[in-house]
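Undergrad: The structure is given below, and queries will be raised subsequently.
Each value in this text was obtained by applying a stated rule to the coordinates, not by laboratory testing. Here the structure is a predicted model, which means the values were calculated and not measured. Methodologically, a virtual Cβ is constructed for each residue, glycine included, from the backbone with ideal geometry; neighbour enumeration extends over all protein chains shown.
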Amino acid sequence: MRKECFVVDENVKVAADTYKMILKGKVGDDIRAGQFVNVGIEGLYLRRPISVAGWNRDSLTLYYKTVGKGTALMAGMGCGEVVELLLPLGNGFSRELAGDKQVILIGGGVGVPPMMCLAEEFLKDGKNPVVILGFNSKDQVFGEDGFQELESVYGRKIDLRVATMDGSYGVHGTVLDALKEEEKDSGYLFACGPKPMLKALGDLPAKGQFSLEARMACGFGACMGCTCETKTGSKRICKDGPVLLKEEIKW
Ligand SMILES: Cc1cc2nc3c(=O)[nH]c(=O)nc-3n(C[C@H](O)[C@H](O)[C@H](O)COP(=O)(O)OP(=O)(O)OC[C@H]3O[C@@H](n4cnc5c(N)ncnc54)[C@H](O)[C@@H]3O)c2cc1C
Ligand code: FES
């Protein structure tokens, strides 16, 4: 884990209450999908955890939804402003566990960003992922352009499906309604999103890995503030997670 200063290069609204932030600075070369950064915000004691959506050696892409004071302050940051980050944090997804199965990446709301990073890793591996994005309504939809850009950069196809609860865009319903029957059995699921979505996916026979959320303080395993019980003992979501195997999660 490192502490680094980054400069805001872009901070734009991409959907209702949702922003994309590009930060320039020394990223390094050791980030994996599912890991997050802890964002220092002036005037706030606790940093705010945000997943890495994309990265290269000198640039980091984050997407965040404004839900409270910290994310509202982030939305007000202008280009050139300096942000201090702790990175990379958390364990990230283990792609190799999917074996030869069809990989299915599922993001609900602000669970979409880690799936962008993961889709890029699978494209680099030479795999064509299924990607399913779930939102409440059309005004909240974001990220499609990011996946389309990945397709053109890597020259590989992503089977991209979007579902909205109110049916205003894409498939009418939840991410489960966008899954094919055979995928519920034989696919390998990588998911991040609200707990009810993860729980519903947890009931499917397919194996997978889910990224969980918890209120965090330190973000690197020192305070035990994010501990949760699993079938394999208690785990710190920030350090032993946020990604857990589907079968070890206690709902
Ligand atoms: C590993 C991890 C990765 C995350 N990645 C992203 C991301 O990529 N994009 C994004 O928009 N958000 C992400 N989040 C959630 C984000 O950290 C919180 O929304 C943010 O910290 C809220 O800060 P705030 O000061 O704006 O809100 P606060 O004023 O702290 O809280 C506002 C409301 O949000 C709820 N809330 C705050 N933090 C969390 C949390 N961690 N889990 C559940 N509810 C919370 C509070 O209960 C309250 O109702 C992630 C969280 C974790 C743990
Ligand atoms: S937030 Fe401190 S141990 Fe997880």
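Undergrad: Looking only at the stretch 82-91, decide whether some residue is among the β-branched types (Val, Ile, Thr) and crowded, with 20+ Cβ neighbours inside 10 Å. Step through it out loud before you land on a result.
TA: Looking only at the stretch 82-91, we keep the residues that are among the β-branched types (Val, Ile, Thr), and these are 82-83.
So of that shortlist, the ones also crowded, with 20+ Cβ neighbours inside 10 Å come out as 83.
Checked the stretch 82-91: at least one residue is among the β-branched types (Val, Ile, Thr) and crowded, with 20+ Cβ neighbours inside 10 Å.
Undergrad: What are the residue pairs meeting all of these: first residue in the stretch 229-251, first residue polar (S, T, N, Q), second residue within 16 Å of ligand 2 (Cβ to nearest atom), Cβ atoms under 6 Å, and 6 or more apart or on different chains?
TA: Ser234/Thr227
Undergrad: While we're looking at this one, here's another question. Please state which one of Gly233, Gly173, Gly221 is surrounded by fewer than 19 Cβ atoms within 10 Å (Cβ to Cβ), within 16 Å of ligand 2 (Cβ to nearest atom) and over 20 Å from the mean Cα position of the chain (by Cα).
TA: Of Gly233, Gly173, Gly221, the one residue that is surrounded by fewer than 19 Cβ atoms within 10 Å (Cβ to Cβ), within 16 Å of ligand 2 (Cβ to nearest atom) and over 20 Å from the mean Cα position of the chain (by Cα) is Gly233.
Undergrad: Restricting the first residue to the stretch 206-221 and requiring it to be closer than 24 Å to Lys184 by Cβ, which pairs with a second residue that is away from ligand 1 (no atom under 11 Å from the Cβ) and acidic (Asp, Glu) meet a Cβ separation below 8 Å and a spacing of at least six or different chains?
TA: These pairs meet every condition: Ala206/Glu183; Ala206/Asp185; Lys207/Glu247.
Undergrad: For the stretch 47-72, name all the residues that are out of contact with any strand residue (DSSP E or B) (no Cβ under 9 Å at 6 or more places or on another chain) and either surrounded by 15 or more Cβ atoms within 10 Å (Cβ to Cβ) or of a type in the set (S, T, N, Q) (or both).
TA: Hit for the stretch 47-72 is Asn56, nothing else.
Undergrad: Do we have Leu160 as away from ligand 2 (no atom under 16 Å from the Cβ), surrounded by 21 or more Cβ atoms within 10 Å (Cβ to Cβ) and of a type outside the set (Ser, Thr, Tyr) here?
TA: Details: away from ligand 2 (no atom under 16 Å from the Cβ): yes; surrounded by 21 or more Cβ atoms within 10 Å (Cβ to Cβ): no; of a type outside the set (Ser, Thr, Tyr): yes.
Considered against the rule, which asks whether it is away from ligand 2 (no atom under 16 Å from the Cβ), surrounded by 21 or more Cβ atoms within 10 Å (Cβ to Cβ) and of a type outside the set (Ser, Thr, Tyr), Leu160 comes out as no.
Undergrad: Would you be able to tell me the number of residues in the stretch 29-42 that are over 13 Å from Glu81 (Cβ atoms) and more than 16 Å from ligand 2 (Cβ to nearest atom)?
TA: 5
Undergrad: Considering the stretch 178-211 alone, what residues qualify as being surrounded by 16 or more Cβ atoms within 10 Å (Cβ to Cβ), more than 18 Å from Gln140 (Cα to Cα) and not hydrophobic (A, V, I, L, M, F, W, C)?
TA: The answer is Glu183, Lys184, Gly187, Tyr188, Gly202, Lys207, Gly208, Gln209, Ser211.
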